[in-house]
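Below is one structure, written out as structure tokens; the observations come after it.
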Amino acid sequence: MTTDHLQKYLLEDRSTRIQTVDLTETWLTGLAHQSYPPVVRDLLGQLCAASVLLASNIKFNGSLVLQLQGDGPLALIVVECQSDLSLRATVQLRQELVVPDNATFQSLLNSNGNGRFIVILDPADRQEGQQPYQGVVPMQGDSVAQVLEHYMKQSEQLDTRIWLAANGSRATGLLLQRLPDHGGTAEDTETHHESWQRAGILAQTLTTQEMLSESPDTLIHRLFWEEPLLTFEPQPVRWFCPCTRERVANMLKMLGQAEIESILSEQEKVDIACNFCGKPYSFDAIDCARLFIDGQSSADPDKPVEH
Ligand SMILES: [Zn+2]
């Protein structure tokens, strides 16, 4: 039973949306088979929290993908959050480059100004030939939160404030978003504007340390105790990578029998990790032989299937 969830609130005057996300089990599962330098791990955690905050705001059935193509020590980060708030993420480092302990968002991903940050919305029922929506996020800012705030303003015309924090055991975030005014008097608009501003000022006092040590409920209460809030049902978040032993077996079949035998001539077994979540799978000589015995769906089109 996971306690990880996304929680939505509204200021009672409907001027401002407030969302929190708190990931512990999800985050630990995501890290289980990975060993990233702490600064990379924390950046990934922030992106995971951000992806849930953004995905939960979109009325859309499919996946939201944050894809960062870096030109520094980080070659690639992909974070994928489905509409049901299941999440997976992966990182590719440039092994030849050292990650300094004090590396920043910019130095990790955009050290030569050639980094790319793309938001992809991929509908679950995408027709053949239909392209997923892609938005380019300018790499402006010193943090994931700042970069995404700029993006929301530019591409969605939404005033958004984001706070993110992550360490080796937790990834957490807070989002404030100004809701569009729906008619009302000039006075209403003025009041809404003041509410939005006040919420931002209250949240600005939040520190990373507080975010990592307190529950979001506690923080919301501490920050907004004077504000009448509408509270919604929490939505569970979980880690999910669809890799299975069977899928990995199919991948090995695609490599072909000769290739597998050549690997086995040098080592006892074939060790292979899911290239998304890093989960290790191991196939010994007997497992490998079985792959090719039954002749099922040999992926080598030139190889006759034996019966
Ligand atoms: Zn996997």
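The values are calculated or read from the model by the stated rules, or taken from the named source; none is laboratory data. Note that the coordinates shown come from a computational prediction; the quantities given were computed from them, not determined experimentally. Glycine gets a Cβ as well: all are built from the backbone with ideal geometry, and neighbour counts include every protein chain shown.
How many residues, within the stretch 50-65, are buried (at least 24 other Cβ atoms within 10 Å of the Cβ) and not hydrophobic (A, V, I, L, M, F, W, C)?
Of the residues in the stretch 50-65, 1 are buried (at least 24 other Cβ atoms within 10 Å of the Cβ) and not hydrophobic (A, V, I, L, M, F, W, C).
Residues of the stretch 231-276 being over 28 Å from V52 (Cα atoms) and small (G, A, S), which ones?
If the condition is that a residue be over 28 Å from V52 (Cα atoms) and small (G, A, S), then A249, G256, A258, S262, S265 are the ones that fit.
Yes or no: the stretch 160-171 includes at least one residue that is modelled with pLDDT of 95 or more, more than 16 Å from the chain's Cα centre (by Cα) and farther than 26 Å from N275 by Cα.
The answer is yes, given that some residue of the stretch 160-171 is modelled with pLDDT of 95 or more, more than 16 Å from the chain's Cα centre (by Cα) and farther than 26 Å from N275 by Cα.
For S155, are the conditions met, namely being exposed (fewer than 14 other Cβ atoms within 10 Å of the Cβ), at pLDDT below 90 and assigned by TED's automatic domain parsing to the domain that holds A49?
Taking the combined requirement at face value, the residue satisfies it.
Within the set of pairs 6 or more residues apart or between chains, which connect a residue that is at positive phi inside the stretch 259-282 to a residue that is within 16 Å of the ligand (Cβ to nearest atom) and in a loop (DSSP other than H, G, I, E, B) with Cβ atoms less than 6 Å apart?
Within 6 Å, the pairs are G278/H33; G278/Q34.
Consider the stretch 76-126. How many of its residues are touching a helix residue (DSSP H, G or I) at 6+ places or on another chain (Cβ under 8 Å) and not basic (K, R)?
Residues meeting the conditions: 21.
If you take the residues in the stretch 1-60 that are part of a loop (DSSP other than H, G, I, E, B) and acidic (D, E), which one is modelled with the highest pLDDT?
By that ranking, first place goes to D4.
Does the stretch 212-231 contain any residue that is in contact with a Ser or Thr (Cβ under 6 Å, 6 or more places away or on another chain) and over 28 Å from S83 (Cβ atoms)?
Checking the stretch 212-231: not a single residue is in contact with a Ser or Thr (Cβ under 6 Å, 6 or more places away or on another chain) and over 28 Å from S83 (Cβ atoms).
Mind listing just one residue for me: the one in the stretch 280-300 that is hydroxyl-bearing (S, T, Y) and modelled with pLDDT of 90 or more and, of those, farthest from R245 (Cα to Cα)?
If we take residues in the stretch 280-300 being hydroxyl-bearing (S, T, Y) and modelled with pLDDT of 90 or more, then S282 is farthest from R245 (Cα to Cα).
All but one of (1) under 22 Å from C277 (Cα atoms); (2) surrounded by fewer than 19 Cβ atoms within 10 Å (Cβ to Cβ) hold for Q146, so report the exception by its number.
(1)
When the stretch 86-103 is examined, which residues are found to be in a loop (DSSP other than H, G, I, E, B) and touching a strand residue (DSSP E or B) at 6+ places or on another chain (Cβ under 6 Å)?
R94
Within the stretch 61-85, how many residues turn out to be part of a strand (DSSP E or B) and among the polar types (S, T, N, Q)?
Total meeting the criteria: 4.
Can we say L223 is within 30 Å of A285 (Cα to Cα), out of contact with any strand residue (DSSP E or B) (no Cβ under 6 Å at 6 or more places or on another chain) and away from the ligand (no atom under 16 Å from the Cβ)?
Taking the combined requirement at face value, the residue does not satisfy it.
Quickly run through the stretch 254-281 and pick out the residues that are of a type in the set (G, A, S), surrounded by 11 or more Cβ atoms within 10 Å (Cβ to Cβ) and more than 14 Å from the ligand (Cβ to nearest atom).
Residues satisfying the conditions are G256, S262.
Kindly evaluate S83 against the criterion of being polar (S, T, N, Q), within 16 Å of the chain's Cα centre (by Cα), surrounded by fewer than 19 Cβ atoms within 10 Å (Cβ to Cβ) and in the same structural domain as S169 (by TED's automatic domain parsing).
Criteria met by S83.
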